[in-house]
Every structure is written in structure tokens, then in C-alpha cells.
Amino acid sequence: MTSGEKLCLACGLCCDGTLFDIVRLGPDDEVKKLKALGLSVSLSRAQPPVAFFRQPCAALCADRKCRVYADRPVQCGDFECGVFKDAQAGRIKITSALRLVKQARRQADNIRRLLRELGDTEEQRSLRERFRRTQRRLESGNSDPAAGEIFAELSLAVHRFRLLAHEKFYTSDPEKTPGLDV
Ligand code: SF4
Ligand code: SF4
């Protein structure tokens, strides 16, 4: 196993809805085949429509292997996060890369725990979507002070995670990529 494979199998953050909400499909992707392999491909409402599927990806196995690896979408094959690139280029040691992955996973797990405490148990949705839904729900209703305290902790945890993700993982800003009207 290469050090890159070892790193990704310890991570899975670019497939499990932690770093991204969706995977966009392009002209070189075989939509029919991906659907047959169990991915729920949808079309955006944008003009022209864009085919995509949501994360967490249905093809991500418990051991963080990709069940459709040989047929994975182009976007999946192309993506290498900053930590992966740095490790591959020898700018950081694999032990440091694994430490960063562990740190990010720990932070994401903490965010999921806080979301659950606030009543969001929709583990099949991306982290960003869950946070936004919880934020809307709490800001529109009369949340009790205890929930308000947990939400403050959650907001801080999300902020810290975003800083880490932007500094070490994202290679372009996902907030600034053209939006998908889904
Ligand atoms: S986020 Fe980076 S290290 Fe993690 S699985 Fe994706 S490419 Fe690999
Ligand atoms: S198809 Fe494979 S590589 Fe792409 S998001 Fe799903 S699990 Fe990850």
C-alpha cells in the first residue's frame, strides 16, 4: 500500500460529507453506469442542468474504500486535498499528514455530536447542510437557553473546522465555486 493510499484510507473526509456536499458529474462520466452502481444521481435546476450526487457518498464503505473505485467519477479521480499533495511531494511527513487527518476527523466527530445533541440525527446528510438546517431551525424558533449554549459551542466548532479545512485540505474555496441550484 502506498503512503497516499494509507492516508486516504485513514481519512475519507472528501467522500463522507465532511468537506463537500456533492460530487458534480461531467461529460466524461457515465451517469447510467454510476446509477446502476448505486449512486443516486440527480439533475440540478440550473440551466443547463448539472448532474450530481450528494455526499456522504453511498459508495463509501465502512473501511473507507470506494466501492466503485474503478468507475469513480472524474471529479473523484482528480481531487487531491492539500494534505495529500503535501505528503506526496514530501513537504510533510506521512506521520504529520495522518495527524492532520486525525485532528480533522476528531473535530468533525465533535460537530456531529453537537448536532445530535441539538436534535439533528440525519447522518445521511453532509455536515454543512446539517449545520445550516440546525442554524435556520434554532434562529427561527424559541430555542431554550441550554440549546443556545450548545449552538454557540457548535458554531465555534464549525468555525475551527473550517479554518483547518481551508488551511490544510481545500485546494480551492468550495464556498466560491459556482453554486448548484439543487
Ligand atoms: S481528504 Fe485528502 S487525505 Fe482525505 S481521503 Fe480525501 S484526498 Fe485522501
Ligand atoms: S465515488 Fe468513491 S471516490 Fe467518489 S465520493 Fe464516492 S466513495 Fe468517494
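The values are calculated or read from the model by the stated rules, or taken from the named source; none is laboratory data. Keep in mind it's a predicted model, so treat the numbers as computed, not measured. Counting neighbours? That spans all protein chains shown, and the Cβs are built from the backbone with ideal geometry, glycine included. Quick note on the areas: whole protein, heavy atoms, side chains included, nothing else; ligands and nucleic acids left out. Shrake-Rupley method; radii C 1.70, N 1.55, O 1.52, S 1.80 Å.
Can you give me the C-alpha center-to-center distance between region 13-44 and region 95-129, rounded to a whole angstrom?
21
Let me cross-check Phe79: its accessible surface, 1.4 Å probe, with only protein heavy atoms counted, in Å² to the nearest 10?
In the full protein context, Phe79 sits at about 60 Å².
Once Rh for the chain is found with the Kirkwood sum over Cα pairs, what is the Stokes-Einstein diffusion coefficient at 37 °C and 0.692 mPa s, in µm²/s?
186
Given only helices, namely DSSP H runs of n ≥ 4 each adding -39500 (n - 2.57), what is the per-residue ellipticity at 222 nm of the chain, to the nearest 500 deg cm²/dmol?
Helices in the chain give a 222 nm mean residue ellipticity of -14000 deg cm²/dmol.
Which one of Gln135, Gln103, Gln47 has the biggest mean-square fluctuation once the chain is modelled by GNM with Cα springs under 10 Å?
Looking only at Gln135, Gln103, Gln47, the largest GNM fluctuation is found for Gln47.
Once ligands and nucleic acids are excluded and a 1.4 Å probe is used, how much of Arg112 is accessible, expressed in Å² to the nearest 10?
40
Under a 10 Å cutoff between Cα atoms, tell me which one of Glu139, Glu30, Glu167 has the largest fluctuation in the Gaussian network model of the chain.
Checking each option, the largest mean-square fluctuation is seen for Glu139.
Mind checking the per residue accessible area of the chain for me, 1.4 Å probe, whole number of Å²?
60
Can you tell which of Lys65, Lys35, Lys85 shows the greatest fluctuation in a Gaussian network model of the chain with Cα springs below 10 Å?
Highest fluctuation among the options: Lys35.
In square nanometres, what is one fourth of the surface area of the convex hull spanned by the alpha carbons of region 93-172?
Mean shadow area of the hull around the Cα atoms is 5.9 nm².
Could you please state how large a percent of the accessible area of region 93-172 is carbon and sulfur, counting protein chains only and using a 1.4 Å probe?
Carbon and sulfur atoms account for 49 percent of the accessible area of region 93-172.
What FRET efficiency do you get for Glu30 and Glu149 if R0 is 41 Å and r is their Cβ-Cβ distance, rounded to the nearest 0.05?
0.25
For Leu39, what charge total do you get from the other residues with a beta carbon under 14 Å from its beta carbon, if Lys and Arg give +1 and Asp and Glu give -1?
Summing Lys/Arg as +1 and Asp/Glu as -1 gives +4.
When 1/r is averaged over all different Cα pairs and the result inverted, which Kirkwood radius in Å belongs to region 17-75?
11.9
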